[in-house]
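Enquirer: Structure below; questions to follow.
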Amino acid sequence: MQTILLAGGLGSRLAEETVAIPKPMVEVGGRPIITRVMDIYSQFGHNDFIVAAGYKSLSLKQYFANYHLIANNISVSLDSGKMDLVPVAPGGWNVSVVDTGPKTMTSGRIRRLKEWLKPGPFMVTYSDGVGNIDINALIDFHKSHGKLATVTAVQPPARFGNIELAGDRVEAFTEKVRRRDTWINGGFFVFEPEVMDYFVDDMEPLEQSPLTQMAQDCELMAYRHDGFWHPMDTIRDRNTLNELCEEETPPWMRFNEELPNDITALAI
């Protein structure tokens, strides 16, 4: 099953980084975050990716065009210039990078990739959020309900401290907050080909009219993921994810574990 990586936005809240590179190329643990997202899918055997590029798309094209050099060691004869790759580890990825326009919105980017998609269902996600999503369980859930679309519902990480109150008296300040009654769009979609009928305007965000209309038509289901999930919206988010990469295995690669999103206090 192919996976579309939405990678064309401006990333204005990360302007310190994205003035020179697109947001998916911002590094987390020494690698662009888009590759961290791809690792999640690859762990479950899904290695066929289409990158929906836009803003500074050349940076993404250059990176993947030279990925074989970046990800492997090389042996070079300085006399002849002959170079041999010395693989570090098998990759197995097949990546297409398609310029879907610098100002196109997310639903328009998917629509512009229609001719790149094989028959059958496909997956879509953002290139700036990671989570220990069981991709095969997500696909099984999608197949089980028979609707056109599945979105992964996640619980947002706490960004602010919590005040514990007893009446009007403050009992404690809590740095880590977990609200189990709050669910948001975490990406990691599975779509049937018929969803293309909902994508009619290049300037319409996927999250607005298309998903709203699918919901009204009872064609959108939610796969609840209550494990780890974290976006990279700000410099603080990037710093948090960088710190998590110092662990032997980052939490978004520890599958079948309940890892709550209570780690935002790591990076200030």
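The values are calculated or read from the model by the stated rules, or taken from the named source; none is laboratory data. Here the structure is a predicted model, which means the values were calculated and not measured. Heads up, the Cβs are rebuilt from the backbone with ideal geometry, glycines too, and the neighbour counts pull from every protein chain shown. These area figures cover heavy atoms from the full protein model, side chains too; ligands, DNA and RNA do not enter into them. Shrake-Rupley method; radii C 1.70, N 1.55, O 1.52, S 1.80 Å.
Enquirer: Answer yes if at least one residue in segment 258-266 is assigned to a helix (DSSP H, G or I), open to solvent by less than 50 Å² (accessible area, probe 1.4 Å), of a type outside the set (S, T, N, Q) and modelled with pLDDT of 95 or more, and no otherwise.
Expert: Within segment 258-266 (the criterion being assigned to a helix (DSSP H, G or I), open to solvent by less than 50 Å² (accessible area, probe 1.4 Å), of a type outside the set (S, T, N, Q) and modelled with pLDDT of 95 or more), the answer is no, since none of the residues qualifies.
Enquirer: Checking the conditions here, which among Ser80, Ser59, Ser75 is over 14 Å from the mean Cα position of the chain (by Cα), more than 26 Å from Asn256 (Cα to Cα) and touching a residue at least 24 places away in the same chain (Cβ under 8 Å)?
Expert: The unique qualifying residue is Ser59.
Enquirer: State yes or no: is Asn242 surrounded by fewer than 14 Cβ atoms within 10 Å (Cβ to Cβ), in contact (Cβ under 8 Å) with a residue 40 or more places away in the chain and among the polar types (S, T, N, Q)?
Expert: no
Enquirer: Would you confirm, using the coordinates I've provided, whether Thr150 is modelled with pLDDT of 95 or more and within 19 Å of the chain's Cα centre (by Cα)?
Expert: When the stated conditions are applied, Thr150 passes them.
Enquirer: When the residues of segment 199-215 are filtered to those that are open to solvent by less than 50 Å² (accessible area, probe 1.4 Å) and either under 18 Å from Met123 (Cβ atoms) or acidic (Asp, Glu) (or both), which remaining residue is nearest to the chain's Cα centre (by Cα)?
Expert: Only one residue fits best here, namely Leu206.
Enquirer: Would you tally the residues in segment 21-41 being in a loop (DSSP other than H, G, I, E, B) and surrounded by 21 or more Cβ atoms within 10 Å (Cβ to Cβ)?
Expert: Of the residues in that region, 2 qualify.
Enquirer: Here is a further query. Just give me the residues in segment 106-136 being polar (S, T, N, Q), in a helix (DSSP H, G or I) and open to solvent by less than 60 Å² (accessible area, probe 1.4 Å), in sequence order.
Expert: Hits for segment 106-136 are Thr106, Ser107.
Enquirer: When the residues of segment 216-237 are filtered to those that are out of contact with any strand residue (DSSP E or B) (no Cβ under 7 Å at 6 or more places or on another chain) and outside any loop (DSSP other than H, G, I, E, B), which remaining residue is least open to solvent (accessible area, probe 1.4 Å)?
Expert: My answer is Ile235.
Enquirer: Within segment 64-103, count every residue that is polar (S, T, N, Q) and loosely packed, with under 10 Cβ neighbours inside 10 Å.
Expert: Counting residues in segment 64-103 that are polar (S, T, N, Q) and loosely packed, with under 10 Cβ neighbours inside 10 Å gives 3.
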